[in-house]
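S.K.: Got a structure for you, questions after.
Only the coordinates and a few stated rules stand behind these numbers; no lab work does. On a predicted model such as this, the values are computed, not experimentally measured, just so you know. Quick reminder, even Gly has a Cβ in these numbers, built from the backbone with ideal geometry, and neighbours come from all protein chains shown.
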Amino acid sequence: MTTTTDLDRACDLVASASRIAGFTGAGISAESGVPTFRDSDDALWRKYDPTVIAHIQNFRRDPTLYWEFFREARYPVMSRAHPNDGHRALVDMEAAGRLPWLITQNIDGLHQAAGSSNVIELHGNTRRILCLECGAKHGWDEVYAMLEHTAVPPCKVCEGAIKPDVVFFGEGLPAPAMRQAARAVADCDLFLAVGSSLVVYPAAMMPLEAKVRGARLIIVNMTPTPHDGHADVVLRQPAGQVLPMLAEVASGQR
Ligand code: BV8
Ligand code: ZN
């Protein structure tokens with residue numbers, strides 16, 4: 001339950017912060033129609049067990065399941081999704097010079113589509129599909145077209161195995177993104193975590209690390225997270241409602 005004092009407190013923290021690190025999970029794309037993983041009854045992982053389909057060892061052994069997931073769930077939803085007010089509010093905060101970093105666990109590319117230029121993709125981006133053998137780049141549209149007539153699309157150059165440029169379970173996170181995120185965690189004076197259940201590591205450690213290093217912590221999430229107790233403010237409201245208010249404060253309009 002969010003009280004106006006919680007909201008006022010969050011606005012005060014944004015007003016007094018100069019280097020805000022944004023951090024997002026699937027929840028910020030929920031209002032764009034992209035199902036989240038763990039909270040709603042249409043949650044993806046109830047239908048598709050991630051330890052089976054989104055684990056790198058299983059993908060290497062049999063990519064059929066993941067490509068079925070991509071064909072049935074990922075591509076149809078994400079290719080039609082558009083940024084919402086939550087994504088746009090973070091663009092406004094960046095434009096106001098108050099949000100130098102936007103760390104995301106999301107792979108849908110909606111932050112970039114909204115106009116954010118400071119995106120740190122911890123878990124990659126499903127619009128990019130690469131060959132594991134020769135590195136050839138494939139667009140997600142052309143791979144989706146291939147899936148019309150094959151269960152496991154081959155590389156268009158060497159016929160090798162291709163994979164979305166997404167971090168699967170059991171895969172390390174990209175070193176450049178981890179370095180940028182570490183800089184954000186160390187240098188920010190306010191960490192704004194939005195729409196994440198904060199259960200997937202090592203991303204889930206970042207809000208806590210920022211707090212330990214002296215930043216204030218705001219968590220915007222519709223359900224409790226394991227790190228709520230460390231937050232200065234928790235807002236149980238939709239990101240698309242709350243973030244525009246915080247953006248108005250950041251750009252001096254409120
Ligand atoms: C690694 C790709 C090592 C596929 C994903 C330490 C402790 C415990 C476990 C581990 C650990 N270290 C590593 C692990 C294992 C594992 C892990 O964390 N397991 C968990 C589940 C226990 N981590 C890994 O395997 C990571 N790799 O550490 O490798 C290594 C190192 C070197 C070399 C080799 C190996 C890899 C993690 C990434 C896995 N990839 N997906 C795909 O996406 O197709 S995970 C998946 O979860 C997504 O990437 C997603 O982004 C991520 C996190 O989920 P959330 O974004 O938080 O989404 P969720 O649905 O959970 O929550 C949404 C929230 O929004 C909800 O709470 C809801 O209430 C809220 N909400 C809804 N609507 C709104 C809203 N809030 C606001 N407004 C709204 N409108
Ligand atoms: Zn290839």
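S.K.: Take the residues of the range 42-51 that are more than 11 Å from residue 169 (Cβ to Cβ) and loosely packed, with under 13 Cβ neighbours inside 10 Å: which is farthest from ligand 1 (Cβ to nearest atom)?
M.R.: 47
Yes/no per residue for (1) closer than 30 Å to residue 21 by Cβ; (2) surrounded by 19 or more Cβ atoms within 10 Å (Cβ to Cβ):
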site	(1), (2)
53	no, yes
62	no, no
67	no, yes
79	yes, no
89	yes, yes
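S.K.: Cβ contacts < 6 Å: first residue at positive phi, restricted to the range 21-34; second residue of a type outside the set (Ser, Thr, Tyr) and outside any strand (DSSP E or B), any location; separation 6+ or different chain. Result?
M.R.: Correct list of pairs: 33/81.
S.K.: Can you give me the ranges of the strands (runs of 3 or more DSSP E) entirely in the range 169-254 with at least 1 residues that are touching a residue at least 24 places away in the same chain (Cβ under 8 Å) and of a type in the set (Lys, Arg)? Explain how you work it out, then say what you get.
M.R.: Details: elements: 190-194, 216-220, 233-235.
In the range 169-254, 216-220 are the strands (runs of 3 or more DSSP E) which contain 1 or more residues that are touching a residue at least 24 places away in the same chain (Cβ under 8 Å) and of a type in the set (Lys, Arg).
S.K.: Same structure again: State which residue is surrounded by the most Cβ atoms within 10 Å (Cβ to Cβ) when the search covers only the range 118-162 and only residues that are of a type in the set (Gly, Ala, Ser) and away from ligand 2 (no atom under 11 Å from the Cβ).
M.R.: 124
S.K.: Pick out the one residue from 198, 190 that is surrounded by 13 or more Cβ atoms within 10 Å (Cβ to Cβ), under 14 Å from the mean Cα position of the chain (by Cα) and closer than 21 Å to residue 102 by Cβ.
M.R.: On the way: 190 fails: under 14 Å from the mean Cα position of the chain (by Cα).
Exactly one residue qualifies, and that residue is 198.
S.K.: For the range 90-100, does any single residue satisfy the condition of being touching a strand residue (DSSP E or B) at 6+ places or on another chain (Cβ under 6 Å) and without any contact (Cβ under 8 Å) to a residue 24 or more places away in the chain?
M.R.: Narrowing the range 90-100 to residues touching a strand residue (DSSP E or B) at 6+ places or on another chain (Cβ under 6 Å): 90, 98-99.
If we keep only those that are without any contact (Cβ under 8 Å) to a residue 24 or more places away in the chain too, we end up with none.
No: zero hits.
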